[in-house]
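Contents: one structure, followed by commentary.
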Amino acid sequence: MGNCFSVQCGLDSFLLRGLDFIVGHANFVWKLKQTLPTLSAALEELKARRVDVKRRVDVAERILLKPLEEVQLWLSKAETMITEAEELVSNGPQQMNNLCLGGCASKSCLSSYKFGKKVNKMLQEISDLKWEGVFEKVAEDPPPAPVVVRPEEQAVALESTIQKVWSCIVETNVGIIGLYGLGGVGKTTLLTKLNNKFSTTPNDFEVVIWALVSKDYDVEKIQDRIGENVGFPQSWKNKSVDQKAIDICGMLSNKRFVVLLDDLWKKVDLSLVGIPEPSQTKSSKLIFTTRSWDVCCYMEAKTKIKVECLEPEKAWELFQDKVGDEALNSHPDIPNLAKQVAERCGGLPLALITIGRAMACKTTLGEWNYAIEMLKRCALPQMEDDVFSLLKFSYDNLPNATMRSCFLYCCLHPEDYCIPRKRLVEYWFCEGLLIEFDRIIEAQMQSDHIINSLLNACLLENGGEIHGEECVKMHDVIRDMALWITRNSEATENNFFVKAGAQLYEEPDVKAWESVKRMSVMTNKIEVLKETPKCPNLRTLFLSQNELQVISDGFFQFMPHLTVLDLSRNLRLRVLPEGISQLVCLECLDLSFTGISELPKGLKSLRKLKMLDLSYMHNLRKIPQHLISSFSQLQIFLMWWSGCGDYPNEDNVLYGGNEKLIGELKGLQRYTKDTEKACLV
């Protein structure tokens, strides 16, 4: 009896479980009419949610925010789920056709069951995914771009300049900093040091960007370099310049940034690049390098810092390092010769490094002496290839041919020579280089502009004051570069012969300079000029500061186009040769500080003369009457005149006071009151 009861209970339980199973499975079929429309509605809601999230992500990406990883994952899941749900919905009509008995049964029970189960499961997954897609934010600022540490060249004596720049960086009121100086002086090395310092020194800047600008300024190239620095994707480069500018500006506007621009040659329009004005953004900084003071001004640099050449001690230290002990110790006399070579580099790091490396394998006295001689001639290959060619960019970048000619004119003077600005102006004017004006007083404005432009381009340096006159001078390596240009130029106007300060005791071989246009042998020890050179092209001749005593009558006979003749500071020169009257094209004659006692009447043939300098001619006793008045083009007349001494009374404007001389000057067509003030010193 008990056994029968046990069997009966087991059978009932089995039947109940089977019934539940059948009913549960049948539900998937019976409810298809309800669940399919519900799935379609849920699918549309998921699509709408995905569109909303995707739109927010697109907006964030346009302002260069970085989408959150969880958002990216949700969008990927939603896309997959939408595809699967759309497939279920598209199969719905066929499954509905299989239903019978008012949807309570199916012609294909197993198929309808499986389909219904999938629909149910998809409904639940869509519901869960919709709630997961509620995001407070979909993107955030990208992590700050790390400072890209750049390879460094050896820096010598830059510590004080680095510290000076860094003190400006920490000042909140300094937004733009300009570093300017001679080519090869170490500006890029300095900027590299500053870039790397941001990676090792605590600071509050969120992003540091380096971009090379260079001579061929291209906005898009600068933008692409910035894009690479901040991690924009490669595809970003395909955008337009305007869109890139918007992206860069959007990324930097809310950040405290440092932008380092290397090698500017002209003003860079920051708005075209997309760089916000540093003064307007969170004490951000723009630091750039250039060879020109003018570029610093155009860029509105709040602080302008000149990068100077090395002092002799530091220059020698750098040169020794590049040459190395093996070469320096190979002969006891080589260190002294090496110091001479280093001195020729004028403290310019580029020259010191280039020549130092070239001399590292030179171990004989002959090789070092040869290098010194080649440096004097500006003909050492390493200087030509690696130094002069780089410096020449500054020369090529001068705005016009007049300024380039005026620059080259300066190399007629010896090394380290302080050139009076006033004398440069007078010579340029007489040479016809200042073509904008035909009067010296007006030409002064053009010459001031040219000299200041050359100073601002670091092609000339301030030479201080000598005897109350402002002077300029050329850096030794810049002068060597200028001479190299004149030697290699195909243009005839750059045909120079320069042996200034070359310790000459005799005039150079005539054959070497008969075809040149400008010649300088000033600051030598030449006593006699005895040849009769034929120089059809010669326009400029500097013979000053020699020990001239005699000039042959034939020396000037065949110089038909000579325009400027400088015989100054030859105290032992007592007489002018008769042949000087042949110089009918002469416009400038400088006889200051000579021992000449009388001006010959033959000078009357110099009817184009615009400048005559008779300053400090202590021995001058006679100027023939009507000589000065014959110079109808004269605009500059300078003379030292004490009013005392033994002056011959016959045919002499100096006899009996200066009234006769002043009278002749006043009779000149181009005479002005300003000329009178400059006449008698």
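The values are calculated or read from the model by the stated rules, or taken from the named source; none is laboratory data. Nothing here was measured: the structure is a model prediction, and the numbers come from that model. Backbone-built Cβ (ideal geometry, glycine too); neighbour counts: all protein chains shown.
Here segment 235-276 is the region considered, the condition is being of a type in the set (Lys, Arg) and under 15 Å from Arg225 (Cα atoms), and the residue that is modelled with the lowest pLDDT is Lys237.
Cβ-Cβ contacts under 9 Å between residues 6 or more apart (or on different chains), taken from a first residue in segment 366-386 that is of a type in the set (S, T, N, Q) to a second residue that is assigned to a helix (DSSP H, G or I), are listed as Asn369/Leu337; Gln382/Thr354; Gln382/Ile355; Gln382/Arg357; Gln382/Ala358. Somewhere in segment 276-296, is a residue closer than 21 Å to Phe393 by Cβ and surrounded by fewer than 21 Cβ atoms within 10 Å (Cβ to Cβ)? Taking every residue of segment 276-296 in turn, at least one turns out to be closer than 21 Å to Phe393 by Cβ and surrounded by fewer than 21 Cβ atoms within 10 Å (Cβ to Cβ).
Gly227 meets each of the listed conditions (1) surrounded by fewer than 16 Cβ atoms within 10 Å (Cβ to Cβ); (2) in contact with a Lys or Arg (Cβ under 8 Å, 6 or more places away or on another chain) apart from (1). When each of Val185, Val147, Val165 is tested for being surrounded by 17 or more Cβ atoms within 10 Å (Cβ to Cβ) and assigned to a helix (DSSP H, G or I), the lone residue that passes is Val165.
For segment 361-372, the criterion of a residue being under 33 Å from the mean Cα position of the chain (by Cα) and closer than 25 Å to Lys499 by Cα is satisfied by at least one position. Out of segment 516-536, which residues are within 37 Å of the chain's Cα centre (by Cα) and not hydrophobic (A, V, I, L, M, F, W, C)? Selection gives Lys517, Arg518, Ser520, Thr523.
Restricting attention to segment 552-603, the residues that are closer than 21 Å to Asp651 by Cβ and surrounded by fewer than 16 Cβ atoms within 10 Å (Cβ to Cβ) add up to 5. All of Leu352, Leu328, Leu337, Leu348 fail the test of being touching a residue at least 24 places away in the same chain (Cβ under 8 Å) and over 19 Å from Leu182 (Cα atoms), apart from Leu337. In the set (1) of a type in the set (A, V, I, L, M, F, W, C); (2) over 16 Å from Lys306 (Cα atoms); (3) assigned to a helix (DSSP H, G or I); (4) touching a helix residue (DSSP H, G or I) at 6+ places or on another chain (Cβ under 8 Å), the condition left unmet by Phe205 is number (3). Does at least one position in segment 510-529 carry a residue that is closer than 22 Å to Gly347 by Cβ and assigned to a loop (DSSP other than H, G, I, E, B)? No, there is no match, as no residue in segment 510-529 is closer than 22 Å to Gly347 by Cβ and assigned to a loop (DSSP other than H, G, I, E, B). Residues that are exposed (fewer than 12 other Cβ atoms within 10 Å of the Cβ), touching a Lys or Arg at 6+ places or on another chain (Cβ under 8 Å) and part of a helix (DSSP H, G or I): does segment 486-493 have at least one? Yes, because at least one residue in segment 486-493 is exposed (fewer than 12 other Cβ atoms within 10 Å of the Cβ), touching a Lys or Arg at 6+ places or on another chain (Cβ under 8 Å) and part of a helix (DSSP H, G or I). Is it true that some residue in segment 576-589 is in contact with a strand residue (DSSP E or B) (Cβ under 6 Å, 6 or more places away or on another chain) and not in a loop (DSSP other than H, G, I, E, B)? Yes, segment 576-589 has at least one match. Determine whether segment 316-329 contains at least one residue that is of a type outside the set (Asp, Glu), farther than 15 Å from Gly186 by Cα and outside any helix (DSSP H, G or I). Yes, the conditions are met somewhere in segment 316-329. Scanning segment 563-575 for residues that are within 18 Å of Ile526 (Cβ to Cβ), in a loop (DSSP other than H, G, I, E, B), of a type outside the set (D, E, K, R) and within 49 Å of the chain's Cα centre (by Cα) turns up Leu567, Ser568, Asn570, Leu571, Leu573. Taking the stated definitions as given, is Val521 outside the structural domain of Cys430 (by TED's automatic domain parsing), over 28 Å from Cys411 (Cβ atoms) and either of a type outside the set (Ser, Thr, Tyr) or at pLDDT below 95 (or both)? Judged against the criteria, Val521 is not a match. Here Ile246, Ile226 are screened, and the one residue that is farther than 25 Å from Asn456 by Cα, touching a strand residue (DSSP E or B) at 6+ places or on another chain (Cβ under 8 Å) and not in a strand (DSSP E or B) is Ile226. If the condition is being part of a loop (DSSP other than H, G, I, E, B) and closer than 22 Å to Phe556 by Cβ, then segment 616-646 contributes Met617, Asn619, Leu620, Ile623, Pro624, Leu627, Phe631, Ser632, Gln633, Leu634.
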